[in-house]
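Comments concern the structure below.
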Amino acid sequence: MNSAHSSSPPVAEETDDRDDGPRVALKILVAGGFGVGKTTLVGAVSEIRPLRTEEALTDASIGVDDLDGVAAKTTTTVAMDFGRITLRDGVAIYLFGTPGQERFWFMWNELSRGALGAVVLADTRRLMASFASIDYFERKGTPFVVAVNCFDDADRYDPPEIRTALDIDPHVPVLLCDARRTGSAKDVLVSLVEHALRLAGGASPRRPDRSR
């Protein structure tokens, strides 16, 4: 799967006048298949109470969503999850978790506007559920990383094996993470920001290159 890359990352300047307020805002999407841990990751790192739009599962998911490994799941995100985390140097990351169920995919275009990049969460028990997100961001030319959420009962595979199984380009980072742990989830976000800036030619989020 080959992907195109935008020449510079979207960066929004903050208008907060406080000395300790964020100066740069970055938008990041958290995507992946149904039940892969998107809501969990956003909640693990958000410094504000996450906004969640979860509803009870209905019969509409029967025969459509892959429930392998997540049979006990009773809710699904129908619009988005939203959270915020402030990194050092006044960089605020706004997180938007995308719906995982196929009937809500129409919202992806709206949520992806202005995004620096995306985290595609994957579950080794259901790797095929990640293909839709990977294909979408490749077509859009959106920088992304693949983060394998290491569920307790899932088989463990090395990143090179996962890269081969997902057929993604060599430059796309593949990481292992525990979406429940703040430090692990934060490492994934930092890796995505670094990856997006590398693709943009090393542009700094403090001084975005707007000439391209």
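If you filter the stretch 71-89 down to residues that are over 26 Å from N109 (Cα atoms) and either of a type in the set (D, E) or part of a strand (DSSP E or B) (or both), you find that the one that is modelled with the highest pLDDT is L87. Filtered by the rule that a residue be surrounded by fewer than 22 Cβ atoms within 10 Å (Cβ to Cβ), part of a loop (DSSP other than H, G, I, E, B) and not charged (D, E, K, R), the stretch 143-165 gives C150, F151, A154, Y157. Please indicate, with yes or no, whether at least one residue in the stretch 180-194 is surrounded by 12 or more Cβ atoms within 10 Å (Cβ to Cβ), in contact with a Ser or Thr (Cβ under 8 Å, 6 or more places away or on another chain) and modelled with pLDDT of 95 or more. Yes, the conditions are met somewhere in the stretch 180-194. So which residues in the stretch 166-184 are more than 20 Å from Y136 (Cβ to Cβ), part of a strand (DSSP E or B) and in contact with a helix residue (DSSP H, G or I) (Cβ under 6 Å, 6 or more places away or on another chain), if there are any at all? Across the stretch 166-184, the qualifying residue is only C177. Looking only at residues of the stretch 1-32 that are of a type in the set (G, A, S) and at pLDDT 90 or above, we find that the one that is nearest to A92 (Cα to Cα) is A25. Has the stretch 136-145 got at least one residue that is under 17 Å from the mean Cα position of the chain (by Cα), modelled with pLDDT under 95 and within 15 Å of T39 (Cβ to Cβ)? Taking every residue of the stretch 136-145 in turn, none turns out to be under 17 Å from the mean Cα position of the chain (by Cα), modelled with pLDDT under 95 and within 15 Å of T39 (Cβ to Cβ).
The values are calculated or read from the model by the stated rules, or taken from the named source; none is laboratory data. Only a predicted model underlies this, so the values are computations on that prediction, with no experimental measurement involved. For neighbour counting, all protein chains shown are included, and Cβ atoms are generated from backbone atoms with ideal geometry for every residue, glycine included.
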